[in-house]
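What follows is one structure encoded as structure tokens, with my remarks underneath.
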Amino acid sequence: MSSLVAFIPSPSTNGIRIGPFFLHAYGLMYVIGVTAAILICRRRWEAEGGSRELVYEVAMWGFPAGLIGGRLYFDITSYSLMRQESNGHWWGWIAIWDGGLGIWGGIALGSLVGIWVLRRRGVDVPRFMDAAVPGILAAQAIGRIGNYFNQELFGKPTTLPWGLEISLAHRPAGYTHLATFNPTFLYELIFDLALAGMLIWLGHHRKIRHPGLFALYVFGYSGFRIFEESIRIDPSHRYLGLRLNFYVASLLCLAGLVWFVRIQRGGGWPGRRVKTREKRASAPG
């Protein structure tokens with residue numbers, strides 16, 4: 001098996017060196033992803049009659065909060081793995097350049113801070129959430145390229161032609177004699193872009209109450225993560241034989257579905273009253 005040539009080869013390095021500096025691909029992909037999210041959200045929000053300055057302000061607060069939330073989630077749920085990756089260094093808990101960002105914590109804290117900004121500006125929060133969600137998915141998809149360079153986020157061994165070759169140093173214990181694995185980073189990348197396209201289509205062709213698209217994002221992405229967590233083999237806390245994130249994904253998938261149904265029945269967002277500081281279009285998006 002070890003001589004098998006993978007259809008997707010492993011990268012020889014996780015970044016590029018520019019003079020005395022080393023640019024980590026993981027961090028670069030997140031910067032590119034956030035830029036893409038801002039551009040997509042800006043276009044969609046301006047189509048709603050909103051201003052691009054608001055998008056920049058939300059990103060300025062929401063992106064750092066998302067990084068903090070994502071890293072804290074990883075530190076809390078994968079403390080032993082974080083300690084192992086940091087080799088005991090004091091800065092290990094913030095070493096995001098080595099990977100280790102929990103999407104649940106990132107989206108949760110980033111969204112909460114973004115909502116705080118929107119409420120301060122008196123904006124229609126549910127409408128903005130639906131404008132932003134395709135960009136969030138695009139950012140997640142681009143961020144998964146960073147996982148590829150770090151040789152992480154892969155699944156069970158496979159002999160499929162799109163199997164991902166993982167170098168010996170990155171193979172989990174018990175799998176060192178195997179060379180090719182399911183490229184779950186690629187599965188998620190494709191799914192994220194497909195879900196973003198579907199949400200955009202629904203927003204244009206179906207009457208969806210806000211923030212219904214965001215609720216569908218929670219439902220759809222979490223549903224995919226149930227599948228992804230069932231085939232991942234990297235170290236993780238397990239309960240009753242299942243990964244911790246399997247349970248998190250299952251609960252959020254159900255919550256997203258219930259939230260979407262409630263929104264479409266006329267509920268789902270308390271105190272929805274819009275002030276006039278941010279102009280917006282009255283037509284549904």
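The values are calculated or read from the model by the stated rules, or taken from the named source; none is laboratory data. Everything quoted here is computed from the prediction, not taken from an experiment. Methodologically, a virtual Cβ is constructed for each residue, glycine included, from the backbone with ideal geometry; neighbour enumeration extends over all protein chains shown.
Among the residues of the range 161-209, the ones that are of a type outside the set (A, V, I, L, M, F, W, C), part of a helix (DSSP H, G or I) and under 23 Å from the mean Cα position of the chain (by Cα) come to 7 in all. Scanning the range 192-206 for residues that are under 17 Å from residue 138 (Cα atoms) and exposed (fewer than 15 other Cβ atoms within 10 Å of the Cβ) returns 194, 197, 201.
Scanning the range 210-233 for residues that are out of contact with any helix residue (DSSP H, G or I) (no Cβ under 6 Å at 6 or more places or on another chain) and assigned to a helix (DSSP H, G or I) yields a count of 4. Taken over the range 56-87, the criterion of being among the small types (Gly, Ala, Ser) and either touching a Cys at 6+ places or on another chain (Cβ under 7 Å) or modelled with pLDDT of 90 or more (or both) is satisfied by 59, 62, 65. The residue of the range 37-50 that is farthest from residue 145 (Cα to Cα), among those that are small (Gly, Ala, Ser) and surrounded by 15 or more Cβ atoms within 10 Å (Cβ to Cβ), is 50.
Kindly list the number of the only condition in (1) modelled with pLDDT of 95 or more; (2) farther than 24 Å from residue 106 by Cβ that fails for residue 219. Just one mismatch for residue 219, condition (2). Does at least one position in the range 236-254 carry a residue that is under 20 Å from residue 142 (Cα atoms), out of contact with any strand residue (DSSP E or B) (no Cβ under 6 Å at 6 or more places or on another chain) and of a type outside the set (S, T, N, Q)? No, that holds for no residue. Among the residues of this structure, residue 53 counts as one that is surrounded by fewer than 14 Cβ atoms within 10 Å (Cβ to Cβ) and either modelled with pLDDT of 95 or more or touching a helix residue (DSSP H, G or I) at 6+ places or on another chain (Cβ under 8 Å) (or both).
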